[in-house]
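Notes follow the structure.
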Amino acid sequence: MKKYKLTQKDELLIKTALEALKKNFDDGIYNHTVGCAVLCKSGKIYSGVNCDGIHGSCAEYITIGMAISTGEREFETIVAVHDKQKNYVISPCGNCRQMLYQYCPDIKVIINDEKEGLFKVKAKDLLPYAWESVIC
């Protein structure tokens with residue numbers, strides 16, 4: 001798996017995700033505990049937070065959905081954050097990895113590794129043997 005170093009754009013992306021979380025965090029209710037930001041190939045950045053509940057949605061789903069809703073189809077980098085996490089960055093869950101694999105397998109995902117710190121990998125490398133839809 002190829003690892004990519006973070007850039008200044010990536011640092012801005014982390015900051016944008018943290019700002020989205022800070023604006024929407026609801027202490028004690030915990031409906032909005034994860035922030036996310038995605039950099040599109042157009043240069044635009046979209047941010048969002050998770051919406052928890054019986055059928056909650058992760059921040060990555062919300063943020064990619066916002067970008068797609070405005071017409072974006074090509075993505076560069078995505079990050080999810082939690083303000084209590086070391087380095088703030090959290091890895092996408094299995095559902096988010098599958099969604100990223102299906103929508104944008106070459107998007108770079110910022111990862112927080114205990115030993116190596118922050119780096120990026122492609123979404124398709126986060127989910128080996130991913131499910132792919134088959135047309136019968």
Quiz prompt | Calculated FRET efficiency for the pair ASP83/CYS51, C-beta based, R₀ 25 Å, to 0.05 | solution = 0.90
Exercise. Work out the FRET efficiency for GLU11 and GLN102 from their Cβ-Cβ distance, taking R0 = 35 Å, and round it to the nearest 0.05.
Key: 0.80
Exercise. With the full set of protein chains in place, find how many percent of the accessible area of the chain is carbon and sulfur; take the probe as 1.4 Å.
Key: 51 percent
Practice problem: Taking only protein heavy atoms into account and a 1.4 Å probe, give the accessible area per residue of the chain in Å². | Solution: 61 Å²
Practice problem: Grab the DSSP H runs of the chain that are 4 residues or longer, score each as -39,500 (n - 2.57), total them, divide by all residues and round the 222 nm result to the nearest 500 deg cm²/dmol. | Solution: -9000 deg cm²/dmol
Practice problem: Using all C-alpha to C-alpha distances in the chain, build P(r) with 10 Å bins and read off the rounded percent in each one. | Solution: 13, 45, 34, 7, 1
Self-check item: Karplus (6.51, -1.76, 1.60) ³J(HN,Hα), θ = phi - 60°, over segment 64-71, in Hz, Gly and Pro reported as x
Solution: 4, x, 4, 5, 4, 4, 9, x
Quiz prompt | the chain: most fluctuating residue of ASP27, ASP106, ASP83 per GNM, C-alpha cutoff 10 Å | solution = ASP27
Exercise. Could you sort out which of LYS3/LYS41; LYS44/LYS115; LYS23/LYS122; LYS23/LYS120; LYS41/LYS86 sit more than 22 Å apart by Cα distance in this structure?
Key: LYS44/LYS115; LYS23/LYS122; LYS23/LYS120; LYS41/LYS86
Quiz item: What list of ³J(HN,Hα) couplings, whole Hz, do you get for segment 20-26 from phi and the Karplus terms 6.51, -1.76, 1.60, once you set θ to phi - 60° and write x for glycine and proline?
Solution: 4, 5, 4, 5, 10, 4, 10
Self-check item: In segment 16-106, the GluC sites (Glu not before Pro) that fall in loop regions by DSSP, at most 12 other Cβ within 10 Å
Solution: GLU74
Self-check item: Residue with peak Gaussian network fluctuation, the chain [Cα springs, cutoff 10 Å], from GLY48, GLY71, GLY94
Solution: GLY71
Quiz item: Say R0 is 25 Å: what FRET efficiency, to the nearest 0.05, do LYS2 and SER69 get from their beta-carbon distance?
Solution: 0.20
Exercise. Give the peptides 28-37, 112-121, 84-93 in descending order of average Cβ contacts within 10 Å, highest first.
Key: 28-37, 84-93, 112-121
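The values are calculated or read from the model by the stated rules, or taken from the named source; none is laboratory data. Only a predicted model underlies this, so the values are computations on that prediction, with no experimental measurement involved. Cβ atoms come from the backbone with ideal geometry, glycine included; neighbour counts cover every protein chain shown. Ligands, DNA and RNA are stripped out before the accessible areas are found, and what is left, the full protein with its side chains, is counted by its heavy atoms. Shrake-Rupley method; radii C 1.70, N 1.55, O 1.52, S 1.80 Å.
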